[in-house]
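Just below is one structure, and these are the notes that go with it.
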């Protein structure tokens, strides 16, 4: 969002929400394109089953950092695709036709 705010010359003191900035820029399709590319990359990585697969689905040892946790890519894709759960998304990746249909439907809906 920082690049849109900078392009539109919106100061940080304006306290505009990200949604409002997107509406001003009429770049809502940018977010959809990013989500679609994330989903196709995830499908590619999960079907290969190599190191990237472990990094995407693995967990790190130790304590969590303080404060509000960052949104994970998997959580964002699960809500965008409408599966609701990360586990359902990971099982859908295994079936290539189902995965492509889910991505196409989510992209057409424009969420």
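Read-outs: derived from the displayed coordinates by stated rules, not from any lab. All of these numbers come straight from a predicted model, not from anything done at the bench. Here Cβ is always computed from backbone atoms with ideal geometry, including for glycine, and neighbour counts include all displayed protein chains.
A few remarks follow.
- Applying 1/(1 + (r/R0)^6) with R0 = 22 Å to the Cβ-Cβ distance of residue 8 and residue 71 gives a FRET efficiency near 0.35.
- Gain on full stretching of the segment that runs from residue 36 to residue 63 - 0.36 nm per residue minus C-alpha separation: 6.5 nm
- Here the peptides 103-109, 89-95, 1-7 are ranked by packing, the mean other Cβ count within 10 Å, and the order with the highest first is 89-95, 103-109, 1-7.
- Fewest-first ranking of 71, 24, 61, using other Cβ atoms within 10 Å as the exposure measure: 61, 71, 24
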